[in-house]
1. Simple spin-label model, 7 Å along Cα-to-Cβ: Leu260 to Val73 in nm?
2. Of all GluC sites (Glu not before Pro) in segment 187-296, which ones are in loop regions per DSSP and have a Cβ with at most 10 other Cβ atoms within 10 Å?
3. Find the percent of Cα-Cα distances in segment 208-308 that exceed 17 Å, and round it to a whole number.
4. Just to verify a number: FRET efficiency for Asp31 and Leu133, C-beta to C-beta distance, R0 = 30 Å, to 0.05?
5. Roughly what would the spin-label model give for His323 and Asn41, points 7 Å off Cα along C-beta, in nm?
6. Filter the chymotrypsin sites (Phe, Trp or Tyr not before Pro) in segment 221-253 down to the DSSP loop ones having no more than 16 other Cβ atoms within 10 Å, then list what survives.
Amino acid sequence: MAKKQDNGALCPRVDIGGQAVLDGVMMKAPDAVAVAVRRPNGDIVVKREEYTAPSKKHPWMGLPFIRGSVNMVHMMALGMRVLEDSMKMSGNEDAQEEPGKFDKWLADKLGKKADSVMMGLAVVMALAMSIGLFVLLPNTVIMLFPQNAAGGTLLLKNLVSGLIRILLLMGYISLVGRIPDMRKTFQYHGSEHKTVYCHEHDLPLTPKNAQQFTTLHPRCGTSFLLLTFLLSILFYSVIDVLVLQLTGFDLGAHYLLRVLSRVILLPCVAGISYECLKALAHSETPLTRALRWPGLQMQRLTTRQPSDEQCEVAIASMNAALHGLPEGEKTPEGWVILHPAKA
């Protein structure tokens, strides 16, 4: 959908993305990132900072099939950073732990760069854990199959390992969703989606307007994960068959080589999945709706119905990302405090 500029010309609508954080929501506009958090006393604290997409600094990062893997890594780093921001903004002293010896040593050695290094280490650790859970473990299934397999067996190997990967993802999310704090985070995830829908339909951003929409959105990261897992089954099967036919080498029969190939080719799968997700999200045909359906159903595990108060927080974040920080009392850090009666 396009919007009219002041001169009456049409301009394309930009996609607004977001993420649930601790007691709040992050919204990302093309040129800014905003975080809004509800404090225990009911106040909403809002932070906004300028944002420059990686593709603006390095145009090649915005090329189709490359931008997907770039976006995946970039959003993981951004997501961890805004989670840390939300913890500080919440005003919950219990949530703010005393820095450890390693943190203090790193701060003494690196100064202002310490936070960036710690964030980088956190991203690396998250990637390592993801690889362990969703690559190393599912691929142990190859030990159940004979070596020197034909193409059909290669496909079966990838199908079984892919299904195990999806079941692990669903099981992990289901277990995490039983934690009370995570259930609240999933509610904020739902409020983020509802607010994005409200914006996309050109409605005034109010909790009442937002609540009429579903918590399931086609551009959600949950859909991206499922789509990546599903496409990886086909992608890796094609690669395995090509290697077998061209070299006679059964890549899937050797566990370490199989795992290494999956890790190396992960950016390719992410790039393809990203393009597919964007195409499906911006098309309304019976086929695209059918292809979106599994990802939307997966979101039932990662979203919950939010309250009006939670939608209010998501709206504050959306407004700040699109229009700048609102007027109001400011904290020493420069965050704006919105009181319920004024929000």
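What follows draws every value from the coordinates through simple rules; no lab data is involved. Keep in mind it's a predicted model, so treat the numbers as computed, not measured. Note that we place each Cβ from the backbone using ideal geometry, even for glycine, and neighbour counts take in every protein chain shown.
1. Those two pseudo-labels are separated by 2.0 nm.
2. Values: sites: Glu192, Glu200, Glu275, Glu284; in loops: Glu284.
Listed in order of number, the matching sites are Glu284.
3. Numbers: 3090 of 5050 pairs.
The share of Cα pairs beyond 17 Å in segment 208-308 comes to 61 percent.
4. Working: r = 35 Å, r/R0 = 1.17.
Calculated value: 0.30.
5. With each label placed 7 Å out from Cα toward Cβ, I get 2.6 nm.
6. On the way: sites: Phe224, Phe229, Phe235, Tyr236, Phe249; in loops: Phe249.
Of the chymotrypsin sites (Phe, Trp or Tyr not before Pro), the ones in loops of segment 221-253 whose Cβ has at most 16 other Cβ atoms within 10 Å are Phe249.
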